[in-house]
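Colleague: Below is a structure I'd like to ask you about.
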């Protein structure tokens, strides 16, 4: 029987960046496992349909994945739920939905995976942030509050699990990711978008940083994006 | 019939800083109205028992207060729900409770008060942050994520309502506030704590900044507090 | 013989904000002492012509002022030297001039005044920052690098002299100050500028914060200024 | 005649990290060119003795290097001049020396190299920051003010030359770099230091980021370093 490949677990893998992340890690010899609310047409590796914010089902599904594949070496939290609306038209459901899908999902993902990673000798937990992680703009009250919360959570995890060998990193994606959906929504020139495979390459690099040099936060944006 | 006093509305007025804020504004000629889950023994001005995170009751109670007192001139969000626990022992209820009591309550408070303030010509909305608004420490995952979220929300409100004349400010309270409860909990020398009346004085100053010079964020800490 | 008034020492008092600061503190019972490279027409209080970045003359002049007036209670560093130019057209003299006038001057001012303040029981040292203290924009390489440097210096002073009772605060002035010179240079509506007297009021408040609640950084901007 | 290798130019290459950077880029097919005030024993590639803060000699030396090697593809500014001293014992020479060696040297380096990089189609300019780039600690007034200044300068360059295809990045090195000198100075366990080769790997990655995903700031610290 052969040696088991290290697993990468990507939450928010229903499309775009999530699939590119799985693909990059598969190329590097990882067992790619995607999680999402709906499966893409031709998923890279395993795909598990799961609402990660659902506390009644997500922990069991994650436990089963780990039982079958072993502990993950790399976990990536990449869910997003964008709401752009004037404050007076942003209702509590908008806040809860953004918070559930980006913060509660990260809590459940971390609680299911970090201890197994520690027990297996360490690993990486990478979280996708956004411009709104650092700046609450007008009409972004729901999205920014959830992305700020996710950054606070990520920092707390980074500091708590640093001594145990788990590298937690917050990547600020400051630009529009070039996906089929983004091309349909935006009139932006695709050469001014972020290429998913390029983002994936950076995540691959972060996941492989030695203990001597861990990055806890970095930004990524197209050369064409003002900042 | 006399001229109605301007109203200050303080959420989180069950004790300590909340009462000192009401007292400072009462001294300055304001009608003090406190909100909280439980009434203090001898409240300054009106006190309304309300769970501000409860969407079924809070909006009605706030609407009634405004109907009776007129629109607030100054609104202060000062609720806190501290959780300090290792991540693995912080459960979803802890995250929800901190988020509800500090973020959802701010959303409901702002949605009930900002439009009336705008219609009345403007006002101030001041939010109490903490050290954990800027830094997610180990064991602070729930508290920091909620305080980060509150800061993101506050920034978004500040930018959205700046043109309409509502001054939204985030005050970072970096220290232990000197209250009866804090003295019981901490062995800290009270001269190294923050005096509630001193914090209240700063909030009073912020609430009275002219449009030429608005502060959107400031920190406050004892001279003895390292930072 | 009467009691000596506490002295406020304002560097960068040749015009505009500097004079308003002196005026506000004079109204509050302080002995106002201005410093600058050229005297205004009708200075508030004493005015000493001095190039604060000149190490051969500034220390002596400051020592003489203190010998005559006693130690300052409040010191304000408010010098500015704006350079806006493409990087390739910004020469070393531009960097040195901005650095000398904003950083070296602050070093010399602090070295002459902080120990006398400590010996007299404490005091406040307030530094005027700008938008460029936090963000290095294109064409602002000289100005931003000097304003960043001044912020780093100010933080270091704040932490070093906090235990000795000297309150060091960095105020970020994010807007155009309404002065005769600004009106001549900018087509901006004066109601969208910062009123010097309003800034002075905030500095007065900072200088009088009790030890229980010191602000180490705050921003000030017109309600009309996007941020 | 063969194709010329792309040049990497490393300022502050007299030892430690500088040499490791040259080595990493040499391994990747670059022509390594080191600059420093004193040559190491067995330099990797070319080494030019130069005081980069000296405006009378540095521009000529840099121009000559470019004339001989072609424009650099990658430029790394890695000079450091550490001063740790109480403020009252930090004299103007300390401020000037730290500023000259870290800020003026970066200005001269950028003014000599950025236009040639633009003319050749772009390149990368990476600057080494430190913990003190973000926080001015007690006794670090000279070092922090210079490192803050360098960060402001770097941001300004990043924004100005982004449209022209030059990627300017600020890397915050938050830890002690494992060098012979550091081992002699610190009693710290070398496994808790940053390995120069590991830092060099990250700089290599930054220098090769595609235009779709540029990092403008990141931190690097040992897993054992609190933050």
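Colleague: Take every residue in peptide B:164-176, count the Cβ atoms of other chains within 10 Å of its Cβ, and give the average of those counts.
Modeller: 2
Colleague: Could you give the angle, 0 to 90 degrees to the nearest 10, between helix B:105-119's Cα long axis and the longest principal axis of the Cα atoms of chain B?
Modeller: 20 degrees
Colleague: Where a ≥ b ≥ c are the square roots of the eigenvalues of the C-alpha gyration tensor, would you call segment A:53-92 rounded, which needs a/c under 1.5, or, failing that, prolate if a/b is larger than b/c, or oblate?
Modeller: It comes out oblate by the Cα gyration axes.
Colleague: Divide the volume of the convex hull of the Cα atoms of segment D:51-158 by its number of residues and quote the answer in cubic angstrom per residue.
Modeller: Given the Cα convex hull of segment D:51-158, per-residue volume reads 86 Å³.
Colleague: Additional query: What is the diffusion coefficient of segment C:104-181 in µm²/s, taking the Kirkwood radius over Cα pairs and the Stokes-Einstein relation at 4 °C with a viscosity of 1.567 mPa s?
Modeller: Result for D is 96 µm²/s.
Colleague: Compute the angle between helix D:141-161 and the longest alpha-carbon principal axis of chain D, please, reported from 0 to 90 degrees and rounded to the nearest 10.
Modeller: Computed tilt is about 30 degrees.
Colleague: Please give the peptides C:181-188, D:205-212, A:102-109, B:120-127 ranked by average Cβ packing (other Cβ atoms within 10 Å per residue), highest first, as a rough proxy for protection.
Modeller: Ranked by mean Cβ neighbours within 10 Å, highest first: A:102-109, B:120-127, D:205-212, C:181-188.
Colleague: Given a Förster distance of 30 angstrom, what is the FRET efficiency for residue A:120 paired with residue B:97, based on the Cβ-Cβ distance and rounded to 0.05?
Modeller: Result of the calculation: an efficiency of 0.40.
Colleague: Okay, next question. In whole angstrom, note down how far apart the Cα centers of segment B:16-43 and segment B:172-227 are.
Modeller: What the calculation gives is 16 Å, centre to centre.
Colleague: Take the Cα pairs of segment B:6-84, get the Kirkwood Rh, then feed it into Stokes-Einstein at 37 °C and 0.692 mPa s and tell me D in µm²/s.
Modeller: Estimated diffusion coefficient is 263 µm²/s.
Colleague: With each run of n ≥ 4 DSSP H residues scored as -39500 (n - 2.57), what mean residue ellipticity at 222 nm is computed for chain A after dividing by its residue count and rounding to the nearest 500 deg cm²/dmol?
Modeller: When only DSSP H runs of four or more count, the value is -12000 deg cm²/dmol.
Colleague: Under the definition of Cα pairs under 8 Å and six or more residues apart, what whole-number percent is the relative contact order of chain B?
Modeller: Relative contact order, chain B: 19 percent.
Colleague: Using r as the Cβ-Cβ distance of residue A:197 and residue B:227, and R0 as 51 Å, what FRET efficiency do you calculate, to the nearest 0.05?
Modeller: With R0 = 51 Å, the Cβ-Cβ based efficiency is 0.75.
Colleague: Can I ask one more? Could you give the angle, 0 to 90 degrees to the nearest 10, between helix D:196-207's Cα long axis and the longest principal axis of the Cα atoms of chain D?
Modeller: Computed tilt is about 50 degrees.
Colleague: Another one. Just to be sure I understand: of the beta bridges DSSP finds with both ends in the protein assembly as shown, what percent are antiparallel, rounded to 5?
Modeller: 5 percent
Colleague: By the gyration tensor of its Cα atoms, with a ≥ b ≥ c the square roots of the eigenvalues, what is the shape of segment D:7-220: rounded for a/c under 1.5, prolate for a/b over b/c, or oblate?
Modeller: Rounded, because the longest to shortest axis ratio a/c is under 1.5.
Colleague: What ranking, highest mean first, results for peptides A:50-62, B:129-141 when packing means the other Cβ atoms within 10 Å averaged over each residue?
Modeller: The peptides rank, most packed first, as B:129-141, A:50-62.
Colleague: Compute the Cα gyration tensor for the protein assembly as shown, then decide on rounded, prolate or oblate, letting a ≥ b ≥ c be the square roots of its eigenvalues: rounded whenever a/c is under 1.5, prolate when a/b is larger than b/c in the other cases, and oblate in all that remain.
Modeller: oblate
Colleague: To the nearest whole number, what is the average tally of beta carbon atoms from other chains within 10 Å of the beta carbons of peptide B:201-208?
Modeller: Per-residue shielding by partner chains comes out at 3.
Colleague: Next question, about the same structure. Provide, as a two-decimal number, the C-alpha radius of gyration of segment D:97-149 over 2.2 N^0.38 Å, N being how many residues it has.
Modeller: Compared with the compact-globule rule of thumb, segment D:97-149 sits at 1.37.
Colleague: Then there is this: Shielding of D:132-144 by partners, i.e. mean partner chain Cβ atoms within 10 Å per residue?
Modeller: Partner-chain Cβ atoms within 10 Å, mean over residues of D:132-144: 6.
FYI, it's all coordinate maths here, none of it is from the lab. Owing to the predicted nature of the structure, the values given are computational and were not obtained by experimental measurement. Glycine gets a Cβ as well: all are built from the backbone with ideal geometry, and neighbour counts include every protein chain shown.
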